[in-house]
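What follows is one structure encoded as structure tokens, with my remarks underneath.
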């Protein structure tokens, strides 16, 4: 269902294009691009891994630094901005204006050209590097029924919108963190990213978020509000779900990348993490046949959670 309460603000006015750009050729260095022409990147991945610069980037290393890794873990890696400096990628998503960015940091674009990877950006400048125009009209058309505006206020959200536009089947997110648990600091854009994740899920796209991300309050999940003791919830597929307070080691592992403190600088812990417990058939949540737990869930059995086995639903 669309968010019907949202209304376009004056900055999002719509009006017809009075003077369409001419299609006269304009030379840009050794490349040619038609004025008003859009350069589209031709690719059709099914699974994409979007990599940002946040603390949960470590989860990408945990997943890939293994001898068990196979070619089907992802079809393409899309790096956001300077994540491309450290992560091997197939596509660099850099939506800031390339011409202004090159004037600001010319050495960085020498490096981008040396890598030879395509760049998806707001306006393609083929004389700067192999770049392609972001399909803003098509992605905005996806946004309007849900939000009433072209809701694209950061590069990660634009990457997710682009993935939906390209018809991917699965999106994996690493390092796409905006808030820092128990700290008076946050980067703008988290709500936009979570909204686009919801759109992807509504379109039956599988979305996998990093275990240590702060998206969906995952790094500081306090459980279901209001209960003195967290309830055992019966899920539609027969599974049972319950939030449990994790061990100190688990707390440290999740909080390590964020180094959380309160406003006085004192370390703060005590959050909860989701626990998926055994179902009536005795199938453990870590069974290969069990569905994967959603955001905030940790796949462990009921005994590992330290609770007695619940009655069958």
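Look at the stretch 206-217: where a residue is assigned by TED's automatic domain parsing to the domain that holds residue 74 and a partner is at pLDDT 95 or above, sitting 6+ places away or on another chain with Cβ atoms under 6 Å, you get 206/170; 207/171; 207/197; 207/200; 207/201; 208/172; 209/173; 210/174.
Here's the yes/no breakdown for (1) surrounded by 16 or more Cβ atoms within 10 Å (Cβ to Cβ); (2) part of a helix (DSSP H, G or I); (3) modelled with pLDDT of 95 or more:
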{"site": "111", "(1), (2), (3)": "no, yes, no"}
{"site": "139", "(1), (2), (3)": "yes, yes, yes"}
{"site": "156", "(1), (2), (3)": "yes, yes, yes"}
{"site": "168", "(1), (2), (3)": "yes, no, yes"}
{"site": "172", "(1), (2), (3)": "yes, no, yes"}
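Among the residues examined, residue 92 qualifies as in the same structural domain as residue 60 (by TED's automatic domain parsing) and either under 18 Å from the mean Cα position of the chain (by Cα) or at positive phi (or both). Quick check, is residue 81 touching a helix residue (DSSP H, G or I) at 6+ places or on another chain (Cβ under 8 Å), at positive phi and touching a residue at least 24 places away in the same chain (Cβ under 8 Å)? Yes: the conditions hold for residue 81. Residues that are part of a strand (DSSP E or B), surrounded by 13 or more Cβ atoms within 10 Å (Cβ to Cβ) and free of Cβ contacts under 8 Å to residues at least 24 places away in the same chain do occur in the stretch 34-42.
Residues that are more than 24 Å from residue 167 (Cβ to Cβ) and out of contact with any strand residue (DSSP E or B) (no Cβ under 9 Å at 6 or more places or on another chain) within the stretch 64-100 comprise 64, 65, 66, 67, 68, 69, 82, 99, 100, listed in sequence order. Total residues in the stretch 179-206 satisfying the condition of being surrounded by 17 or more Cβ atoms within 10 Å (Cβ to Cβ), modelled with pLDDT under 95 and in contact with a strand residue (DSSP E or B) (Cβ under 6 Å, 6 or more places away or on another chain): the figure is 2.
Can you tell me which residues in the stretch 113-137 are touching a residue at least 40 places away in the same chain (Cβ under 8 Å) and either closer than 15 Å to residue 160 by Cα or not in a loop (DSSP other than H, G, I, E, B) (or both)?
Here is the first cut: in the stretch 113-137, the residues touching a residue at least 40 places away in the same chain (Cβ under 8 Å) are 118, 120, 124-127, 131-133, 135.
The answer is 120, 131, 132, 133, 135.
The values are calculated or read from the model by the stated rules, or taken from the named source; none is laboratory data. From a predicted model like this one, the values you see are computed outputs, not experimental measurements. Neighbour counts run over all protein chains shown; Cβ positions are idealised from the backbone, glycine included.
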